[in-house]
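Remarks on the structure that follows.
The values are calculated or read from the model by the stated rules, or taken from the named source; none is laboratory data. No experiment lies behind these values; they were computed from the predicted model shown. Reconstructed Cβ throughout: ideal geometry from the backbone, glycine too, with neighbour counts over all protein chains shown.
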Amino acid sequence: MTELVSGAVDAYHKGTAPLVRALLRRGVTPNTITTVGAGCIGLSAIAYGIGHMHWGGGLLLASGVLDTLDGSVARLGRRTTKWGAFYDSTLDRMGDGALFIGLGSWMIYAPNIRFRELSIIASMLGILTSLLVSYMRARAESLGMDGNVGIAQRAERILGLGLATIVFGSNYGAIPITIVITILTALSLITVAQRFAHVRRQANAADLT
């Protein structure tokens, strides 16, 4: 499974390489791509909030593509900076929060929502866990440890929610969306536990040396 995912990632980067080179030739900066990507996820959150699920899903997937392009442009163009990393990470966290706020807001007032309470609670927990997963990695790395472990990270949230809302929209009482949000939130909670355990082992080993 790991080899399959790795192969898919490599194929994606090879496929987008011509676009990355074209952006570099035109002088497009990584921070510009980051800003446009953040705008897409902000519009996605608004679309979700007013019930336009298909538009929300399309914009969310577009933001995910842009999120990979800014890093590729930075690396290939040797434009990696500390400010760029900080800027990208901050806008990513803002986007994650806005995304679940938009979905949760729609779940509150939309008609014919099955399992409304579960949907709203899962969206609220989604905000918490998405921010916590990212914070744990950043905090671990600031202490000189590795925090990049876990079964669910940002890419999975974007892909899962984007595809679910494009395919199903608000049909079937929003049950497909509720299922995806609940699964992603549960996986994020597992990731939080995995990172706790991973960082604790590193910290205990460091304390013994």
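In the list Arg195, Arg200, which residue meets the criterion of being of a type in the set (D, E, K, R) and either within 25 Å of Ala62 (Cβ to Cβ) or under 21 Å from the mean Cα position of the chain (by Cα) (or both)?
On the way: Arg200 fails: either within 25 Å of Ala62 (Cβ to Cβ) or under 21 Å from the mean Cα position of the chain (by Cα) (or both).
The match here is Arg195.
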Qualifying position, being surrounded by fewer than 16 Cβ atoms within 10 Å (Cβ to Cβ) and either touching a Cys at 6+ places or on another chain (Cβ under 8 Å) or at pLDDT below 85 (or both), among Thr32, Thr2: Thr2
So Gly150, is it crowded, with 16+ Cβ neighbours inside 10 Å, of a type outside the set (Phe, Trp, Tyr), closer than 25 Å to Thr68 by Cα and touching a Leu at 6+ places or on another chain (Cβ under 6 Å): no
Any pair with Cβ under 7 angstrom, 6 or more apart, that starts in region 172-193 at a residue that is without any contact (Cβ under 8 Å) to a residue 12 or more places away in the chain and ends at one that is surrounded by fewer than 16 Cβ atoms within 10 Å (Cβ to Cβ): none
Residue match in region 12-27 (condition: crowded, with 17+ Cβ neighbours inside 10 Å, farther than 30 Å from Ile108 by Cα and modelled with pLDDT of 90 or more): no
Flag for Asn112 being within 22 Å of Leu187 (Cα to Cα) and not in a helix (DSSP H, G or I): no
Subset of region 115-127 [over 18 Å from Thr90 (Cβ atoms) and part of a helix (DSSP H, G or I)]: Arg116, Glu117, Leu118, Ser119, Ile120, Ile121, Ala122, Ser123, Met124, Leu125, Gly126
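Taking only region 130-169 into account, find how many residues are small (Gly, Ala, Ser), part of a loop (DSSP other than H, G, I, E, B) and over 11 Å from the mean Cα position of the chain (by Cα).
First, pick out the residues of region 130-169 that are small (Gly, Ala, Ser): 130, 134, 138, 140, 142, 144, 147, 150, 152, 155, 160, 162, 164, 169.
With the extra rule that they be part of a loop (DSSP other than H, G, I, E, B), the set shrinks to 144, 147, 150, 152, 169.
Adding the requirement that they be over 11 Å from the mean Cα position of the chain (by Cα) leaves 144, 147, 150, 169.
Here the count works out to 4.
Can Gly27 be described as part of a loop (DSSP other than H, G, I, E, B) and out of contact with any helix residue (DSSP H, G or I) (no Cβ under 6 Å at 6 or more places or on another chain)?
Details: part of a loop (DSSP other than H, G, I, E, B): yes; out of contact with any helix residue (DSSP H, G or I) (no Cβ under 6 Å at 6 or more places or on another chain): yes.
Yes.
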Residues that are without any contact (Cβ under 8 Å) to a residue 12 or more places away in the chain and over 15 Å from the mean Cα position of the chain (by Cα), drawn from region 84-104: Ala85, Phe86
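May I ask you to say which residue of Ala74, Ala45, Ala85 is in a helix (DSSP H, G or I) and touching a Ser or Thr at 6+ places or on another chain (Cβ under 8 Å)? Give the steps one after another, and end with the answer.
Working: Ala45 fails: touching a Ser or Thr at 6+ places or on another chain (Cβ under 8 Å); Ala85 fails: touching a Ser or Thr at 6+ places or on another chain (Cβ under 8 Å).
Every option except Ala74 fails the conditions.
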